[in-house]
Every structure is written in structure tokens, then in C-alpha cells.
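The values are calculated or read from the model by the stated rules, or taken from the named source; none is laboratory data. Please read all numbers here as calculations on a predicted model, not as lab measurements. All Cβ positions, even for glycine, are placed from backbone atoms using ideal geometry, and neighbour counts span all protein chains on display. In case anyone asks, the SASA skips ligands and DNA or RNA and just uses the protein heavy atoms, side chains included. Shrake-Rupley method; radii C 1.70, N 1.55, O 1.52, S 1.80 Å.
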Amino acid sequence: MKKICVNEEQCIGCGACVAIDSEHFDFNDNGLSSVINNENQDSQNLQSAIESCPTGAISICDGCDCCSDCSNDENCSCGCEDCDCK
Ligand code: SF4
């Protein structure tokens with residue numbers, strides 16, 4: 001399943017994605033962006049958020065679908081038991 005991914009190694013917490021697309025993004029406890037919803041991936045606001053991220057931290061990726069915090073790469077730090085990234 002395709003999912004929205006935020007690379008926490010790249011996110012600087014600027015808030016642009018949260019301001020543009022609150023349907024999909026919110027801040028986590030570390031002040032970084034977190035994906036809160038993987039529905040409606042065709043939305044214009046999501047595309048704008050991806051294009052507006054100053055560090056290119058947001059992508060649409062192939063998800064292992066374990067949890068919303070999974071970044072689906074070698075830097076994944078979600079710690080989820082079902083995560084396939086490790
Ligand atoms: S726009 Fe990019 S850098 Fe800014 S909070 Fe969102 S993911 Fe992080």
C-alpha cells in the first residue's frame with residue numbers, strides 16, 4: 001500500500017506541511033511532522049505540502065503499513081513490532 005512518509009532525519013519542524021495540509025500532518029511530541037492519515041492521497045493540499053517542504057522530507061512511498069510513524073527506510077525509528085524496516 002502506498003503511504004505518506006516523513007523522513008524524521010530530514011524534517012526540521014518548520015510546520016509548512018501542517019499549515020498547508022492538516023488533513024494529513026500534525027506535529028509529534030518531538031515537534032516534527034507526523035503523518036496522521038493516509039487517506040485521500042490525491043488531494044491538492046498534500047501535493048502542495050510535498051512541494052513546499054524545504055528539506056524534501058515528505059514522499060509517497062511503499063509502506064510496510066505497520067503504523068503511521070513508519071518512514072519505510074533504513075532511518076525508520078517507529079519501533080513498531082510489526083515494522084519491516086529493520
Ligand atoms: S514541511 Fe517538511 S520540514 Fe517542515 S514540518 Fe513538514 S516535513 Fe518537516
How large, in Å, is the stretch 2-62 by the Kirkwood hydrodynamic radius built from its alpha-carbon pairs?
11.1
May I ask you to derive the relative contact order of the chain, considering only C-alpha pairs under 8 Å and at least 6 residues apart, and to give it as an integer percent?
34
Debye, to nearest 20: dipole size of the chain, +1 on Lys, Arg Cβ, -1 on Asp, Glu Cβ:
200
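Please work out how much length the chain gains when fully extended from Ser59 to Asn30, using 0.36 nm per residue of separation minus the C-alpha to C-alpha distance, in nm with one decimal.
Between Ser59 and Asn30, full extension yields an extra 8.5 nm.
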Which value, in Å², gives the accessible area per residue of the chain when a 1.4 Å probe is used on the protein heavy atoms?
57
Measuring from label point to label point, each 7 Å out along Cα→Cβ, what is the Asn75 to Glu39 span in nm?
3.0
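What FRET efficiency comes out for Ser22 versus Asp84 if R0 is 30 angstrom and r is the Cβ-Cβ distance? Round to the nearest 0.05.
0.55
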Within the chain, helix-based [θ] at 222 nm, where runs of 4 or more DSSP H residues each add -39,500 (n - 2.57), nearest 500:
-4000 deg cm²/dmol
